[in-house]
Amino acid sequence: TTLVNAVKKPVTLKFRLGVTDASRYLFKDVAQIAEDEGIEMITLHPRTVRQGYSGDADWKMIKELKEISKIPIVGNGDITTPEDAKKRLDETNCDYVMIGRGAMGNPFLFEQINDYLKTGTYQEYSFKDKLDSFFEYLQLTKKYKIKFANIKGQAMRFTKGISGGSQIRSKITFTKNIEELEKVMTDAYKL
């Protein structure tokens, strides 16, 4: 209540099911308290803290939350394709979906989801499109203090699902600086 009353902007809440499997069914109580205290939207990531990012997100819990809530509910977890987003919206009746790791290495996912929800189709992007986007990302990293390990991680994600990707990722692993990484990705572009 204190935060809700202290600010003029809407206050939202994002949380996981619980800490352990034993606490996973408290999410409805947490959501009800939050709603009663003036929270205006809730995002539920239907995994426990103990699960981390392993296992599948339990979207049945999002559906259950939506059924008891009067405020907008956002579902989060395991959305990597436009079809995933539509399926989750349809089966849970949640108001929105939140994309996290699913967009890492595929910055086009948001546009694809929006197009798919509006028209039932979406543009596919080639590996070269992804590489162009990676090089754009690389330019942006120069403006910010992003650790090289994180940049390498993004390079790995951009090469997932492409022919020859495992060989490229192997080369990325051994890069020691931006220049070496840029060369590996430039060479991949020529494939």
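The values are calculated or read from the model by the stated rules, or taken from the named source; none is laboratory data. These numbers were taken from a predicted model, which means no experiment stands behind them. Heads up, the Cβs are rebuilt from the backbone with ideal geometry, glycines too, and the neighbour counts pull from every protein chain shown. Calculation scope for accessible area: heavy atoms of the full protein, side chains included, ligands and nucleic acids excluded. Shrake-Rupley method; radii C 1.70, N 1.55, O 1.52, S 1.80 Å.
Worth pointing out:
- Equivalent ellipsoid semi-axes, the range 1-77, via Cα gyration tensor eigenvalues times 5, rooted, Å: 23, 12, 11
- Over 17 Å [Cα-Cα, the range 32-84], rounded percent: 42 percent
- The range 1-155, accessible surface, carbon-and-sulfur percent (1.4 angstrom probe): 53 percent
- Heavy-atom accessible area per residue - the chain, 1.4 Å, Å²: 61 Å²
- Positive-end residue, the range 41-191 charge dipole about Cα centroid, Cβ charges, pick of Thr175, Ile162, Gly120: Thr175
- When its C-alpha radius of gyration is set against 2.2 N^0.38 Å (N residues), the range 56-191 gives a value of 1.25.
- Most positive-pole-ward Cα, Gly38, Ser133, Met61, against dipole of the chain from beta carbon charges: Ser133
- Reachable aspartates and glutamates, given that their alpha-carbon falls under 19 Å from the alpha-carbon of Lys86 and they are not under 8 places away in the same chain: Asp56, Asp58, Glu64, Glu67, Asp78, Asp95, Glu111, Asp115, Glu124
- Dividing the helix sum by the residues of the chain, where each DSSP H run of 4 or more adds -39500 (n - 2.57), gives a mean residue ellipticity at 222 nm of -14500 deg cm²/dmol.
- Within straight-line cross-link reach of Lys190, lysines at Cα separation under 28 Å, skipping those fewer than 8 residues along the same chain: Lys128, Lys130, Lys142, Lys143, Lys147, Lys152, Lys160, Lys171, Lys176
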